[in-house]
2 protein chains.
Amino acid sequence: MLSKQQLIEYSEDARKNYVNHISIDCVVFGFHEGQMKVLLLKTHNEEKWYLPGGFVLNEEPIDTAAHRILQQRTGLDEVFLQQFRVFGDPDRSKVHNDMYVDMLPKDQNWFSGRFISIGYYALVDFFGVIPHPDQFSELCAWRDLDDIPELELDHEKIYKNALDTLRLQLNYQPIGYNLMPKEFTMPELQKLYETILGKKLDRRNFQRRILGFGILNRSEEPRKGGAHKAPYLYSFDLENYQYALTEGFKGGW
Amino acid sequence: MLSKQQLIEYSEDARKNYVNHISIDCVVFGFHEGQMKVLLLKTHNEEKWYLPGGFVLNEEPIDTAAHRILQQRTGLDEVFLQQFRVFGDPDRSKVHNDMYVDMLPKDQNWFSGRFISIGYYALVDFFGVIPHPDQFSELCAWRDLDDIPELELDHEKIYKNALDTLRLQLNYQPIGYNLMPKEFTMPELQKLYETILGKKLDRRNFQRRILGFGILNRSEEPRKGGAHKAPYLYSFDLENYQYALTEGFKGGW
DNA sequence: TTTCATAGTGTAATAAGTACACAATTGTAA
DNA sequence: TTACAATTGTGTACTTATTACACTATGAAA
């Protein structure tokens, strides 16, 4: 929560530079040590968790705004970003309206009105991210998919909706390129799918299917290191990957 | 285009009642005589065509706003409506900004600013619709999918995006209930799919597939009338249809 | 009653998805 | 050095979906 002085400054700046009534919320997915993770913010001195978000500059395309917001939270310039839904319940930001209602009169108070939020989800390279809290937060951190804290406002709804969308996308888009390192083993890639879907997959069938997409190259040298047979290393065939991204996997009708 | 007096009245009303910077545009699909159709508006004394659209009331959920807007254009209370994408290019409403810029000072002019538009598509019963032009338009009319005029602003992009989304949805959702009459023949339903997809399908395979979804009931009595074998009549099994709507058709992963 | 238009139906071939088991390789500990 | 544990690579039979394709049936009009 902002102090009165902070609110005055924030509001003045925001009212001048941002499009009123519009916000952006991002669900940022990363993958590390066999676990899917989401980037969350925790406010100062409170156990209140939020999705990273922000507003749209007056002359800024909304996708650019989402990239800018993510750049600020993660340090990353190029991420896979996709809008997936608008959240426009009139009461969705009521908590924030009420929080600041007494501090500033309505016509000066950035948080006095309703915000309709555009939901984006991002797939990012875990190691590329340097989490930066925003001015409302003391902490910006990864949380495991199966250890998400209670989220404020309607952010749980937004997060769940993003995950559902991502699961659906698995059926007609490749997604690993933005989440995996350059080289990876088949079991590692399988783990990514399993953690997104929240269920186990059959090793052999997974391999056949994913290879069938034709977006992987196998390198000659396997990776050694464990007390077991050395797995092959794979990397994405960028050309085919890009093609699959735009064309989709299976025809349907 | 509004006259100055109209603009003053419209702006005053809109600025009081609607959420600024947000608009809604609807792509309304109907089906009649084997042709997929879209509902379009034509402005007074000009050959300018638009998608039906509107704004969000101050305390109104966005889905409700979309329903209200559609109710005003079609007279229909219950339609299948789905948001599919946000269009937020800062220049997208530039033509309208410029059109009215000299008539009213910025702070009073509803059309002075940028509008970020939430795209909805609707599937409606063709015969239920009584098209009502809005105050900008002299005509509200159905146009065949293969005879869409040039559209103003970014409405062509919105329309095409809606159609693409609809085509994708065919793969994991039933869609006919909102477009077909109570009873229909298999060839009629096939025509719907063909006109959405813009291509011919095989009769026998279509039938097997659609029956496989388990959302159709066949009535005993066929429909007579043509100089050919009388086709069976089908209707949707609402319970299964509803289930398929929420659960989707095929599993994928 | 013949003909035309269009509906109903089935089957073989191919491709995709599922379930399941054994052999190979690496590092570690006996 | 050898046996073992862990985990990888690979193949096959079975089932289910998809595709391609052709004949028979019926109702109305000539």
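For the reader, a short list of remarks on this structure follows.
- The number of residues in the stretch A:96-127 being farther than 18 Å from B:TYR18 by Cα and among the hydroxyl-bearing types (Ser, Thr, Tyr) comes to 3.
- Candidates A:SER3, A:SER11, filtered to the one that is at negative phi and modelled with pLDDT under 95: A:SER3
- Residue check for B:TYR243: away from every other protein chain (no Cβ under 14 Å), within 12 Å of DNA strand C (Cβ to nearest atom) and either under 23 Å from B:PHE80 (Cα atoms) or under 30 Å from the mean Cα position of the chain (by Cα) (or both): no
- Every pair of residues 6+ apart whose Cβ atoms lie under 7 Å, when the first sits in the stretch B:183-212 and is in contact (Cβ under 8 Å) with a residue 60 or more places away in the chain and under 23 Å from B:ASP146 (Cα atoms) while the second is within 12 Å of DNA strand C (Cβ to nearest atom) and in a loop (DSSP other than H, G, I, E, B): B:LYS191/B:GLY34; B:THR195/B:GLY34
- Hey, B:GLY226 more than 11 Å from chain A (Cβ to nearest Cβ) and either within 26 Å of the chain's Cα centre (by Cα) or within 11 Å of DNA strand C (Cβ to nearest atom) (or both) or not: yes
- Only one of B:ASP98, B:ASP91 that is away from every other protein chain (no Cβ under 14 Å) and free of Cβ contacts under 8 Å to residues at least 12 places away in the same chain: B:ASP98
- Filter result (surrounded by 14 or more Cβ atoms within 10 Å (Cβ to Cβ) and either within 8 Å of DNA strand D (Cβ to nearest atom) or at pLDDT below 95 (or both)) within the stretch A:216-231: A:ARG223, A:PRO231
- So B:ILE8, is it touching a helix residue (DSSP H, G or I) at 6+ places or on another chain (Cβ under 9 Å) and either within 14 Å of chain A (Cβ to nearest Cβ) or free of Cβ contacts under 8 Å to residues at least 12 places away in the same chain (or both): no
- Candidates A:ASN171, A:ASN161 - the one that is within 14 Å of chain B (Cβ to nearest Cβ), in contact (Cβ under 8 Å) with a residue 12 or more places away in the chain and out of contact with any strand residue (DSSP E or B) (no Cβ under 9 Å at 6 or more places or on another chain): A:ASN171
- Identity of the residue in the stretch A:56-80, more than 11 Å from chain B (Cβ to nearest Cβ) and buried (at least 19 other Cβ atoms within 10 Å of the Cβ), that ends up modelled with the lowest pLDDT: A:VAL79
The values are calculated or read from the model by the stated rules, or taken from the named source; none is laboratory data. Everything quoted here is computed from the prediction, not taken from an experiment. Every residue, glycine as well, gets a Cβ built from its backbone with ideal geometry; the counts of neighbours run over all protein chains shown.
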